[in-house]
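Written below as structure tokens is the structure these notes are about.
Each value in this text was obtained by applying a stated rule to the coordinates, not by laboratory testing. All values reported here derive from a predicted model rather than from experimental measurement. Here the Cβ positions follow ideal geometry from the backbone for every residue, glycine too, while neighbour counts run over all protein chains shown.
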Amino acid sequence: MKKLSANEIRQMWLEFFKSKNHYFLEPASLVPVDDPSLLWINSGVATLKPYFDGRMNPPSPRLTNSQKSIRTNDIENVGVTARHQTMFEMLGNFSIGDYFKKEAIEFAWELLTSKEWFDIDPELLYITVFNEDQEAYDVWTKIIGIKEDHIFKGTRDTNFWDVGQGPCGPNTEIFFDRGIKWDPENIGPKLLEDDIENDRYIEIWNIVFSQFNNDGNNNYAELPRKNIDTGAGFERLVSIFQDAPTNFETDIFFPTIKEVEKLCNSDFKYSIENYYNEDKEQTKINTGFKVIADHVRAVVFAISDGVFPGNKDRGYIIRRLIRRSSVYGRKLGIQEAFLYKLVDKVIEAMKNFYPYLIEKADSVKEIIKQEELRFLKTLSKGFENLENMIKTENKITAKNALLLFESFGFPIELTVEIANESNVEVDLEGYETLLEQTKEIARNSRKDDKAWNKQSAILTGLKVESEFVGYDVEEIQTKVNFIFEDEIELKSASDKVVFVTLEKTPFYAEKGGQASDNGYLVDKNENRHLVIDVQTGPNGQHIHKVQVNGTLNVLDTVNAEINGEKRFYTMKNHSGTHILQAGIQEVLGKDALQSGSYNDENGLRIDISYNRLPSQEELDKIHNAIAREIRKSIPREVIYCSLDEAIEKHNALALFTEKYGGTVRVIKFGTFSCELCGGTHVENTRDIEDLLITSVESKGSGVFRYHAVTSHKEVANYLNEQFRKQKTEISSIIDKFNNFKTRVKNDFIENEINSIISMEVTKDNLISIKEKVNDLKNSFKLYQKEVEDILIEESLAKYSQLEPVESNGINLIDVEINDLEMKGLKALSDKLQNKFENLVIKFANTKDKVFIVSVSENISNENKAIDIFKNNGKHEVKGGGNNTFAQGKIV
């Protein structure tokens with residue numbers, strides 16, 4: 001067996017299948033395209049679904065790829081097992097209605113054992129097949145020559161791929177024998193025969209024979225077009241060729257592990273020897289290194305593919321991986337942000353096949369670093385709380401698990417992992433119930449709540465003082481001065497949702513288009529009471545909707561802490577709203593009036609009353625004006641004055657939808673923007689960082705809604721997604737053009753494709769790439785017709801010598817032509833009809849299941865084409881036609 005690097009193994013796989021006429025598919029993004037059923041691309045075949053289900057024609061019936069994938073359903077196994085990765089690559093070869101069992105097995109055996117290729121000793125390879133699949137068994141034993149003690153018949157559970165309704169079929173697996181050192185009891189092949197979990201026989205290849213259709217009730221019918229779906233775990237193969245105990249000691253991961261060693265406490269070193277002489281403590285240390293090496297690789301790829309850390313869906317997965325790695329770093333003595341320092345090692349290992357990672361390096365490092373720094377702020381206190389719970393209670397209650405999640409960013413999976421290390425149980429069922437209750441509270445916490453009714457007797461009669469101090473501070477020690485629930489004043493509340501006022505509060509109440517803050521009230525017992533929502537009462541007090549955790553009393557001293565990250569991005573978006581409003585008026589004129597807005601941590605929208613949609617040129621000018629003001633770094637001014645002074649002296653913009661008191665607050669950014677506003681804002685226009693209008697839509701009655709995002713992160717996220725969509729749109733064009741260009745050259749199309757692929761992801765290029773994609777589509781339609789005409793002409797030349805057979809005065813041509821599709825068959829028919837008289841033509845393409853009949857007009861009354869079509873004597877057909885021509889499908 002050859003000693004090969006990871007890059008050599010991948011390259012050899014692809015070159016082998018290219019030599020067998022397989023079309024190479026470039027690796028796709030980890031983010032699925034037009035497939036809402038998937039959160040991530042999770043297998044090598046996932047990107048090929050449109051080819052297998054018939055929605056799209058493949059560029060070739062034979063395909064090969066190496067596809068990056070992510071699976072996170074069992075993330076807790078990463079670092080614990082030998083061959084489990086969050087992100088992994090699947091090497092694949094696929095047949096869509098082309099070759100089947102014999103060829104697929106022969107290809108596998110040749111690549112694995114041939115001296116020219118992998119050169120693995122056949123004696124080290126073992127096979128499993130489905131016990132009802134005699135055909136595959138015969139191929140292995142009679143054609144390949146596998147000895148009976150090297151092949152085993154498995155059950156439906158082990159060797160049949162079935163996901164319910166749809167295509168399915170048996171599979172055959174190939175295992176590599178790593179030797180007796182991984183089988184201390186020397187059980188041998190019985191480990192495979194009895195399907196016993198082991199480290200000796202490693203599955204390196206799996207071929208699925210997709211030959212049946214399951215109707216959903218486990219009734220199986222043969223598929224008319226049978227397919228091959230092969231998957232080989234890239235990391236597993238690398239570990240085999242590099243004789244590594246696990247996937248982690250290979251050149252894919254080990255450089256990263258060694259880099260982690262440099263960053264951590266000198267007491268912690270990775271030990272390969274531990275796999276042979278296991279020490280419990282060293283196993284924990286090794287696990288930490290492996291988790292970090294695995295997770296940072298997945299994070300680097302995901303961010304490079306346009307996924308940023310966030311609170312839901314893919315973003316949450318990335319955030320969880322970063323936080324999980326950070327926790328394991330702490331266990332290895334690393335107290336600071338460090339993951340971003342590993343990015344270069346990941347890229348160094350992967351850049352040969354994924355060169356685009358190089359240009360993404362700096363932005364990936366910065367995103368990871370900022371996410372780590374945010375988490376580290378809460379991690380230390382969270383650990384203290386968790387360790388104290390374990391020590392004092394010897395269990396993690398549902399309430400405490402939720403506290404760790406909401407207050408300190410500990411995913412429940414992480415809490416379970418740490419608790420398990422101390423043999424402490426977590427009330428998972430109770431946690432899920434509480435979490436759902438919290439979500440329900442959030443869902444129902446809007447203004448339709450009875451407590452937000454301005455006519456509520458308890459609110460209209462409320463006289464306590466409540467001062468908002470959130471312009472200056474995000475955290476303050478204050479007192480609870482009123483609690484109520486359902487029109488009833490309370491002296492205390494325990495473990496339920498109530499409404500609370502504070503003597504001083506940093507929590508912004510929703511108004512003026514700005515979402516409210518959320519956060520916590522922390523009492524002297526360290527109970528953290530969740531502030532869900534904040535609204536302004538009829539008498540001006542800030543009314544906090546609070547999920548009490550424990551007991552909260554009137555006159556309790558609490559630390560009021562807002563969610564700083566939510567406020568941070570909300571401020572960017574609120575100031576962005578002001579700057580956008582000013583930019584719109586600069587370009588469209590003062591007649592473009594704001595009729596409403598909303599901004600929170602996720603983005604902003606602003607409704608503009610105007611007589612039409614802005615043109616693209618006007619949008620460009622608005623963007624330029626905003627960019628100019630951000631570059632100027634204009635400091636924010638806050639002015640308190642009368643309404644008349646604000647309008648007359650400062651030329652402040654006041655909205656007719658708002659009500660203003662005697663003294664108003666003016667937010668001013670130089671001479672560009674000046675508005676009456678009670679919201680929170682950035683200190684300088686440069687803090688907005690960037691702003692991009694993502695859409696403008698008509699809301700009817702002359703109102704147009706502008707959506708936008710701010711900050712480098714969110715703008716980059718949006719742009720990456722848009723560019724990815726555009727490039728995905730032309731993937732089929734690229735595939736077809738690559739097939740055609742050796743026959744018909746077209747420099748314009750080739751240059752356009754190269755231009756689109758290489759186009760830098762910038763705001764300036766967003767319109768350009770859309771225009772180029774549209775131009776390319778239009779040009780390709782003409783080019784494709786030109787190519788088709790040339791190919792048809794070339795094919796027709798092959799059949800120019802066809803001669804009819806004469807019978808009873810009628811000339812008959814009845815042939816099977818499998819290299820012409822319907823268009824070509826019609827063209828050939830026309831050509832022959834012009835050449836011969838009294839002609840009946842019957843053409844069948846049994847490959848594409850096409851059948852046509854053509855009859856010379858002068859004999860068509862007695863020899864109707866449609867009748868000959870239906871009663872052709874050879875094929876059962878469906879279709880239609882007339883006296884001179886009929887066409888249809890062979891069934």
Over 21 Å (Cα to Cα) among Lys2/Lys101; Lys781/Lys823; Lys20/Lys68; Lys181/Lys269; Lys842/Lys874; Lys258/Lys377 -> Lys2/Lys101; Lys20/Lys68; Lys181/Lys269; Lys258/Lys377
Looking only at lysines whose Cα falls under 18 Å of Lys3's and that sit 8 or more positions away or on another chain, we get Lys115
Segment 799-890: spread of alpha-carbon positions along the three principal axes, whole Å, largest first, is 31, 27, 19
Checked against the structure, the computed Cα extents along the principal axes in Å among (i) 110, 78, 49; (ii) 169, 62, 61; (iii) 94, 66, 64 is the one labelled (i)
Of 290-300, 388-398, ordering from highest average Cβ density within 10 Å down gives 290-300, 388-398
Rounded to the nearest 5, the percent of antiparallel DSSP beta bridges in segment 799-890 equals 75
Burial-style ranking of 792-800, 174-182, 83-91, 336-344, average other-beta-carbon count within 10 Å with highest first, yields 83-91, 336-344, 174-182, 792-800
Ratio for segment 531-622, C-alpha Rg to 2.2 N^0.38 Å, reads 1.57
Between the Cα axis of helix 731-740 and the main Cα principal axis of the chain, the angle (0 to 90°, nearest 10) is 30
The rounded separation in angstrom of the Cα centers of segment 812-891 and segment 221-284 is 60
DSSP beta bridges in segment 463-562: the antiparallel percent, rounded to 5, is 95
Once the in-chain neighbours fewer than 8 apart are removed, the lysines whose Cα is under 30 Å from Lys590 read Lys511, Lys572, Lys621, Lys632, Lys649, Lys659, Lys668, Lys699, Lys763
Projected onto the charge dipole of the chain (unit charges on the beta-carbon of Lys, Arg, Asp and Glu, signs +1, +1, -1, -1), the Cα from His574, Thr478, Ser860 with the largest positive-side position is that of His574
Using alpha-carbon coordinates alone, the radius of gyration and Dmax of segment 463-562 in Å work out to 12.1, 36
As a percent rounded to 5, the proportion of antiparallel DSSP bridges among beta bridges in segment 13-137 is 75
Helix 254-263: inclination vs the chain longest Cα principal axis, degrees, rounded to 10, gives 20
At 37 °C and 0.692 mPa s, the Stokes-Einstein diffusion coefficient in µm²/s for segment 253-377, with hydrodynamic radius from the Kirkwood sum on alpha carbon pairs, is 222
Taking Cα atoms, the helix 280-304 axis meets the longest principal axis of the chain at an angle in degrees (rounded to 10) of 80
Counting Lys and Arg as +1 and Asp and Glu as -1 over every other residue whose Cβ sits under 14 Å from the Cβ of Lys847, the net charge comes to -2
Normalised per residue, the volume inside the convex hull of the alpha-carbon atoms of segment 6-247 in Å³ amounts to 135
